[in-house]
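Before any comments, here is the structure.
Read-outs: derived from the displayed coordinates by stated rules, not from any lab. Note that the coordinates shown come from a computational prediction; the quantities given were computed from them, not determined experimentally. Note that each Cβ is placed from the backbone with ideal geometry, even for glycine, and that neighbours are counted across all protein chains shown.
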Amino acid sequence: MTILVTGATGKTGRHVVRQLLAAGEEVRVLIRDPESAANAENADALSGVDVVRGDLSEPESLYAALDGVSSVFLFPVLDAIPAFAETAKRAGVRKAVLFTGAWAAGHTARDRASWVYPRYRAAEAALAENGPERWTVLRPAPFATNALWWAPGARADGVVRLPHPDAVCPVVHEADLAAAAVAALLDDGHHGKRYTVTGPAPVSQAEQVAAIARASGRPLRAERIDPEVWRAGAERFLRPGIVADLLNEWSQTEADPATALPVTSCVEDLTGRPARTFAHWAADHAADFS
Ligand SMILES: NC(=O)c1ccc[n+]([C@@H]2O[C@H](COP(=O)([O-])OP(=O)(O)OC[C@H]3O[C@@H](n4cnc5c(N)ncnc54)[C@H](OP(=O)(O)O)[C@@H]3O)[C@@H](O)[C@H]2O)c1
């Protein structure tokens with residue numbers, strides 16, 4: 001049976017595709033615009049798979065993509081999850097693995113008051129209540145790949161401008177999130193579970209900058225900037241609610257690291273391998289900063 005991967009051209013989804021193929025699975029990918037996606041950057045995500053056009057926000061575009069599919073890796077286009085869940089169930093899909101975010105676990109009052117918390121929870125509930133018979137939710141910690149936001153500045157003048165350089169978080173490597181998803185897709189023992197997926201240790205943003213400098217060989221330094229300056233720049237590419245959540249999280253975990261997201265053993269529990277460190281991520285992405 002076929003496994004459908006949505007978000008396959010994304011940073012996490014491309015690892016899901018490669019890992020499923022390596023496990024010998026038949027993979028189909030849902031792509032909004034296959035012609036423009038067919039470029040060198042997406043070659044690893046699109047080779048050896050069945051490519052089908054479709055948009056998660058348009059349920060009627062999903063019938064062909066879901067035909068003959070047993071399981072789905074579900075990318076969090078949050079507003080689209082309720083309709084997708086029903087469409088997938090009607091199409092005979094047996095299992096869906098959705099990722100949302102660690103704040104959905106409501107570990108702190110800050111997380112429960114966040115802009116994304118009710119949105120993540122509503123998407124998770126829609127899948128559990130109206131979707132395929134079997135489901136698993138992965139709640140990843142903030143991604144190590146968020147450090148790619150720093151690459152243009154790092155390359156321009158070697159300075160990474162941060163509102164809260166000492167904010168800490170056990171950021172997760174995208175390949176580990178993908179590996180956890182693949183485990184949940186291939187093993188039926190994870191039905192009905194919600195896993196918080198973190199990296200192996202809390203790491204501050206300034207420590208991340210230092211790790212990238214070591215891995216890339218490029219001298220880099222973190223410089224503290226006014227949070228409002230960061231907000232104005234970030235709101236050009238992130239929703240204001242997310243920007244507010246991030247600033248709140250960073251200011252509080254910088255002031256009190258004990259309020260940071262706790263480390264979990266989910267990566268190792270699901271995959272049998274320890275979670276990758278941020279140093280590992282920096283080595284994998286050194287070329288992005290060179
Ligand atoms: N950054 C974090 O720290 C963090 C933490 C927890 C959760 N998250 C969640 O993770 C997501 C980002 O994940 P990522 O970095 O792996 O992805 P990404 O690199 O941003 O890629 C997004 C992928 O989703 C696809 N996509 C977007 N809208 C779609 C739609 N309507 N229908 C079908 N496909 C669609 C894109 O396809 P196209 O090729 O068509 O554009 C692309 O493959 C965010 O949405 C956020 O909710 C992020």
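Looking at (1) among the hydrophobic types (A, V, I, L, M, F, W, C); (2) touching a residue at least 60 places away in the same chain (Cβ under 8 Å); (3) farther than 20 Å from E133 by Cα, which is the one condition that is false for A37? Answer for A37: the failing condition is (2).
Selection over the range 126-153 of residues that are within 16 Å of the ligand (Cβ to nearest atom) and either surrounded by fewer than 16 Cβ atoms within 10 Å (Cβ to Cβ) or assigned to a loop (DSSP other than H, G, I, E, B) (or both) gives a count of 5.
Please find, within the range 26-48, the residue that is nearest to the ligand (Cβ to nearest atom) out of those that are surrounded by 20 or more Cβ atoms within 10 Å (Cβ to Cβ) and closer than 14 Å to V72 by Cβ. Out of the qualifying residues, it is L30. Filtered by the rule that a residue be within 19 Å of the chain's Cα centre (by Cα) and surrounded by 21 or more Cβ atoms within 10 Å (Cβ to Cβ), the range 262-290 gives T264, C266, V267, L270, A275, F278, W281, A282.
Looking across the range 1-24 at every residue that is within 13 Å of the ligand (Cβ to nearest atom), assigned to a helix (DSSP H, G or I) and closer than 18 Å to S70 by Cα, the one that is farthest from the chain's Cα centre (by Cα) is identified as V17. Does A122 satisfy being touching a Leu at 6+ places or on another chain (Cβ under 8 Å), of a type outside the set (K, R), surrounded by fewer than 22 Cβ atoms within 10 Å (Cβ to Cβ) and more than 28 Å from A210 (Cα to Cα)? Here the answer is yes, as A122 does meet what is asked. Would you pick out the residues in the range 83-125 that are within 11 Å of the ligand (Cβ to nearest atom) and out of contact with any helix residue (DSSP H, G or I) (no Cβ under 7 Å at 6 or more places or on another chain)? Selection gives A102 alone.
For the range 167-196, a tally of residues being more than 11 Å from the chain's Cα centre (by Cα) and in a helix (DSSP H, G or I) returns 10. All conditions but one from (1) among the β-branched types (V, I, T); (2) surrounded by fewer than 20 Cβ atoms within 10 Å (Cβ to Cβ); (3) farther than 16 Å from R112 by Cα apply to T259; the one that does not is (3).
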